[in-house]
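S.K.: Quick one: structure below, then a few questions.
The values are calculated or read from the model by the stated rules, or taken from the named source; none is laboratory data. Treat the numbers as computed from the prediction; the structure is a model and nothing was measured. Here the Cβ is made from the backbone with ideal geometry for all residues, glycine too, and neighbour counts use every protein chain on show.
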Amino acid sequence: MKKYIPLTIILIAGVLLRFYHNLDISLWHDEAFSALMIRYPWGEMFYRLGLDVHPPMYYVALRLWHYIFGESMLSLRGFSIFFGTAAIWAGWLFTKEAFKSEKAALWAAAFIAINPFQLQYVTEARMYTFGAFFALMAAYFLVKALTQHKSVVELEKQNMPNTPELISAKRKMLWGYVGFTVSTIIIIYTHYYLFFTAAALGFYGLLYLYLHHQGGWKKFVPILTSYVLIVISFLPWLKTFLFQYRQVQDGYWISKMNVWSIPSTFWDMLLGFERDINKSNTQILLVLVTLFSLFMLYRFIRKTESFAKWLAVLAIAAPFGGAILFAVLAKLKGSDSSVYLDRYFLFGSLFYSVALAVWLKEIKVKWLSVSLFLVYCILNLTAYAHYWKQLDVAGKPGMAAAARFLATNVEPKHHVFVGTSYEFFNYKYYGTVLDPIPTRPLLFTGGRVHANQLSHVEGVALLTDADLVPDFKAAVNREDTVWLVWTYAFGSNKPETPANWVKIDEKGYQDVRPYPGTMIYITEYKVN
């Protein structure tokens with residue numbers, strides 16, 4: 001058991017870092033979508049998920065989780081913490097299997113445990129750590145299956161059928177392909193960007209079999225069978241996927257890629273320090289980090305003997321290739337939009353950490369190798385500390401504080417209106433689950449009377465007509481008290497209120513999301 005002590009220490013450190021200040025950040029729009037979606041009956045949940053732009057696996061898993069742990073903030077983010085921690089173990093497992101090095105495996109686990117990019121997304125009740133864990137597991141099972149496949153071929157050449165060694169190798173190969181198939185099905189049902197990871201794994205598997213085995217097409221049967229099952233598994237969701245794809249094409253909020261998009265992502269993968277790409281010194285650092293990343297990957301390929309190096313490289317490169325493909329297709333259609341967000345590269349960043357760990361381990365000068373490892377760990381921890389200092393969560397209580405204030409002051413006959421859907425859902429979670437109020441909060445829509453008149457970006461998947469207040473005047477009477485929740489974030493503005501609404505008081509609460517310093521305002525009115 002002593003050999004597992006270093007890994008245990010790394011896992012404990014990873015857990016502590018992932019819990020640090022985790023619940024001090026208010027729930028925001030995207031997380032509230034997760035929290036509210038799992039409250040619907042199963043059939044309605046799947047219908048409403050189809051109106052959104054993500055596949056359903058994360059919500060299914062989170063719903064099963066909440067049956068055990070409830071729907072508190074600790075439960076919601078605890079799910080992300082659990083899989084963020086599990087990814088540390090998965091990184092160790094994959095690296096050890098793929099590169100046959102306990103030292104590289106421990107270093108990879110340490111890098112994943114303390115990487116600020118990974119730590120950031122355990123503070124969100126979203127699908128990123130869940131998908132990242134299963135991406136690593138799919139890679140692990142594929143390497144395992146291919147290794148056993150090679151053993152089976154070599155044993156069969158001895159013309160000694162049904163030996164214990166051959167039977168054992170076949171059984172391990174089968175379970176490897178089963179694990180790979182199941183894990184890959186999970187990731188393509190978790191996030192569409194993981195399609196690129198699944199494609200990279202498949203390409204690697206075919207390449208491995210082509211280069212390592214003689215013979216005809218039969219050597220490809222196991223992996224092709226896996227992908228046939230993976231494709232078949234996705235057919236029930238295919239119609240919904242095509243609808244979601246068209247919906248994204250019709251209007252999407254993500255801005256176009258620019259020259260700093262990819263360098264900024266490498267920066268996040270490597271260091272995770274806060275950056276402002278408008279500053280010239282930051283741009284210089286981004287160029288340097290990009291050059292270092294390319295150099296590191298080049299040396300990783302040159303110095304690493306294991307063929308699994310190509311799996312790591314493909315898993316890193318695949319999402320970048322997918323993002324560029326999206327941008328090119330959009331350009332061909334006359335659009336500048338893209339589907340490029342840093343958080344979509346969290347899946348590839350795990351393999352970046354693995355490649356970095358293996359490269360450092362391969363440096364022959366031991367003192368240099370260990371020194372670089374320690375320096376990198378210090379840089380990560382420094383970036384992590386800087387991240388929390390910049391957030392100043394104690395001074396930015398956000399929607400949590402706003403909801404507590406409303407819970408204390410709202411009376412049964414009062415009205416609570418929210419001026420934008422980007423703050424409506426997170427307040428609805430607080431106002432119905434954590435700090436319930438005696439009236440139903442409603443979303444002001446500026447004249448739109450039906451939920452289907454709102455876009456998917458505004459959260460149409462979670463709305464009904466009963467959630468809406470199209471016209472302030474028609475919704476209130478004289479002498480009523482109105483509480484209006486609004487923000488300037490997400491490009492929103494304060495809704496125009498009727499002339500007979502008299503402002504009584506206004507309070508502001510700084511929030512961390514969608515960006516530090518976001519202000520949530522609560523304005524109290526009396527209707528004359």
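S.K.: In this structure, does Ala385 turn out to be at pLDDT below 95, part of a helix (DSSP H, G or I) and out of contact with any Leu (no Cβ under 8 Å at 6 or more places or on another chain)?
M.R.: Yes, satisfied.
S.K.: Okay, next question. If we keep just the residues of region 196-250 that are touching a His at 6+ places or on another chain (Cβ under 7 Å) and of a type outside the set (S, T, N, Q), which is surrounded by the most Cβ atoms within 10 Å (Cβ to Cβ)? Working first, answer last.
M.R.: Just the residues of region 196-250 that are touching a His at 6+ places or on another chain (Cβ under 7 Å), to begin with: 219, 222, 247.
Next, only the ones that are of a type outside the set (S, T, N, Q) stay: 219, 222.
Numbers: Lys219: 17, Pro222: 20.
Taking the candidates together, the pick is Pro222.
S.K.: Starting from region 306-330, keep only residues that are assigned by TED's automatic domain parsing to the domain that holds Ala357 and without any contact (Cβ under 8 Å) to a residue 60 or more places away in the chain, then list their pairs with residues that are part of a helix (DSSP H, G or I) and of a type outside the set (A, V, I, L, M, F, W, C) whose Cβ atoms are within a distance under 7 Å, requiring at least 6 positions of separation or different chains.
M.R.: Here the result reads Ile316/Gly348; Ile316/Tyr352, each pair linking region 306-330 to a residue that is part of a helix (DSSP H, G or I) and of a type outside the set (A, V, I, L, M, F, W, C).
S.K.: Has region 38-48 got at least one residue that is crowded, with 24+ Cβ neighbours inside 10 Å, part of a helix (DSSP H, G or I) and either on the phi < 0 side of the Ramachandran plot or of a type in the set (A, V, I, L, M) (or both)?
M.R.: There is no residue in region 38-48 that is crowded, with 24+ Cβ neighbours inside 10 Å, part of a helix (DSSP H, G or I) and either on the phi < 0 side of the Ramachandran plot or of a type in the set (A, V, I, L, M) (or both).
S.K.: Let me ask you something else. Tell me yes or no: at least one residue of region 97-120 is out of contact with any helix residue (DSSP H, G or I) (no Cβ under 7 Å at 6 or more places or on another chain), more than 29 Å from Ser264 (Cβ to Cβ) and in a helix (DSSP H, G or I).
M.R.: no
S.K.: Here is a follow-up. Go through region 170-195 and give me each residue that's farther than 27 Å from Phe351 by Cβ and surrounded by 14 or more Cβ atoms within 10 Å (Cβ to Cβ).
M.R.: Lys170
S.K.: Can you find even one residue in region 8-26 that is hydroxyl-bearing (Ser, Thr, Tyr) and touching a residue at least 24 places away in the same chain (Cβ under 8 Å)?
M.R.: There is at least one residue in region 8-26 that is hydroxyl-bearing (Ser, Thr, Tyr) and touching a residue at least 24 places away in the same chain (Cβ under 8 Å).
S.K.: From Phe300, Phe320, Phe292, grab the single residue that is farther than 22 Å from Leu201 by Cβ and out of contact with any strand residue (DSSP E or B) (no Cβ under 7 Å at 6 or more places or on another chain).
M.R.: When all the criteria are applied, what remains is Phe292.
S.K.: To continue, here is another question. Identify the residue in region 473-528 that is among the basic types (Lys, Arg) and in a loop (DSSP other than H, G, I, E, B) and, among all such residues, is surrounded by the most Cβ atoms within 10 Å (Cβ to Cβ). It would help to see each step written out before you state the result.
M.R.: From region 473-528, those among the basic types (Lys, Arg) are 473, 478, 494, 503, 507, 513, 526; that's our starting set.
Filter once more, so that each one left must be in a loop (DSSP other than H, G, I, E, B): 478, 494, 513.
Numbers: Arg478: 8, Lys494: 14, Arg513: 21.
The selected residue is Arg513.
S.K.: Hey, among Phe307, Phe345, which residue is within 24 Å of Ala109 (Cα to Cα), touching a helix residue (DSSP H, G or I) at 6+ places or on another chain (Cβ under 7 Å) and part of a loop (DSSP other than H, G, I, E, B)?
M.R.: Matching residue, one of Phe307, Phe345: Phe307.
S.K.: Which count do you get for residues in region 407-439 that are within 24 Å of Gly491 (Cβ to Cβ) and not aromatic (Phe, Trp, Tyr)?
M.R.: 9
S.K.: Filter region 408-435 down to the residues that are in contact with a Leu (Cβ under 8 Å, 6 or more places away or on another chain) and aliphatic (A, V, I, L, M), then identify the one that is surrounded by the most Cβ atoms within 10 Å (Cβ to Cβ).
M.R.: Val418
S.K.: Something else now. Identify the residue in region 509-523 that is touching a Leu at 6+ places or on another chain (Cβ under 6 Å) and closer than 20 Å to Glu274 by Cα and, among all such residues, is modelled with the highest pLDDT. Before you say what the answer is, go through the steps one by one.
M.R.: At the first step, the residues of region 509-523 found to be touching a Leu at 6+ places or on another chain (Cβ under 6 Å) are 512, 516, 523.
Subsequent filtering for residues that are closer than 20 Å to Glu274 by Cα retains 512, 516.
Numbers: Val512: 94, Pro516: 85.
In this case the residue turns out to be Val512.
S.K.: Which of the numbered conditions does Leu381 fail, given that it passes all the others? Conditions: (1) touching a Phe, Trp or Tyr at 6+ places or on another chain (Cβ under 9 Å); (2) loosely packed, with under 15 Cβ neighbours inside 10 Å; (3) more than 30 Å from Tyr210 (Cα to Cα).
M.R.: Of (1) touching a Phe, Trp or Tyr at 6+ places or on another chain (Cβ under 9 Å); (2) loosely packed, with under 15 Cβ neighbours inside 10 Å; (3) more than 30 Å from Tyr210 (Cα to Cα), only one is false for Leu381: (1).
S.K.: Only residues that are over 22 Å from Lys473 (Cα atoms), at pLDDT 90 or above and buried (at least 20 other Cβ atoms within 10 Å of the Cβ): list them for region 436-460, please.
M.R.: Within region 436-460, just Ile437 meets the criteria.
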